[in-house]
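S.K.: My questions all concern the structure below.
The values are calculated or read from the model by the stated rules, or taken from the named source; none is laboratory data. Everything numeric in this text was worked out from a predicted model, so none of it was measured. When we count neighbours, we look across all protein chains shown, and the Cβ atoms used for this are built from the backbone with ideal geometry, even at glycine.
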Amino acid sequence: MNADMAALISERTSMHEDNDAASTARTHCQRRRKGTVMADLTDDQLRQIVDLLSRREAELQADVHDAKDAGVASPEPRPREVHDPVDNADERFLEGLDHVQLLRDQEELRDIEGARERIRQRRFGLCEACDQPIPYARLLVQPTARFCLQHQAEWESSHPSVPPFAA
């Protein structure tokens with residue numbers, strides 16, 4: 001866990017200790033105004049999310065590093081020993097898949113950084129469309145989630161399913 005996340009959790013802990021029970025109950029029930037509070041996650045839940053983000057980031061960075069070492073990011077074709085047109089096409093197709101996977105990994109790394117930024121801004125776990133909390137169970141499965149399920153479905157129906165790098 002990096003220093004920003006540790007400081008945020010420490011700050012949240014002291015804020016919770018200063019609040020009385022009535023204030024805490026009011027905080028959990030109040031409607032949020034845009035830009036004011038983070039979702040009602042406990043410090044342990046937030047720590048678990050931060051750990052998930054860190055582990056996934058490490059996996060992706062290793063995958064991206066390995067792919068770049070293997071020459072996947074290179075626009076120049078690698079020398080081929082294959083002379084059969086069908087085998088040649090298969091090899092080129094697989095190289096294209098490797099390249100798309102590299103781009104997807106890089107996009108997911110940007111999503112992780114976005115989630116960390118929302119944590120720093122105390123906006124993590126709130127739907128960007130309706131400002132309501134994203135359920136903790138959803139955040140465990142998709143810690144970079146930006147929308148509640150309803151608004152995620154709306155976003156997906158209004159955006160192309162083909163990623164920008166594949167078009």
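S.K.: Considering only region 84-105, I want to know if a residue exists there that is at pLDDT 85 or above and closer than 13 Å to Met38 by Cβ.
M.R.: No, region 84-105 contains no residue that is at pLDDT 85 or above and closer than 13 Å to Met38 by Cβ.
S.K.: Let me ask something else about it. Cβ contacts < 6 Å: first residue in contact (Cβ under 8 Å) with a residue 24 or more places away in the chain and under 18 Å from Ala62 (Cβ atoms), restricted to region 99-124; second residue of a type in the set (A, V, I, L, M) and assigned to a helix (DSSP H, G or I), any location; separation 6+ or different chain. Result?
M.R.: That search, which allows pairs on different chains as well, returns Leu102/Ala67; Asp105/Leu60; Asp105/Val64; Glu108/Leu60; Leu109/Leu60; Ile112/Leu53.
S.K.: Within region 130-161, work out how many residues are touching a residue at least 40 places away in the same chain (Cβ under 8 Å) and aromatic (Phe, Trp, Tyr).
M.R.: 1
S.K.: Here is a further query. What's the number of the only condition in (1) in a loop (DSSP other than H, G, I, E, B); (2) within 12 Å of Ala39 (Cα to Cα) that Pro160 fails to meet?
M.R.: With (1) in a loop (DSSP other than H, G, I, E, B); (2) within 12 Å of Ala39 (Cα to Cα) applied to Pro160, the lone miss is (2).
S.K.: While we're looking at this one, here's another question. Return only the number of the condition from (1) under 12 Å from Ile49 (Cα atoms); (2) over 15 Å from the mean Cα position of the chain (by Cα) that Pro143 does not satisfy.
M.R.: For Pro143, the failing item is (2).
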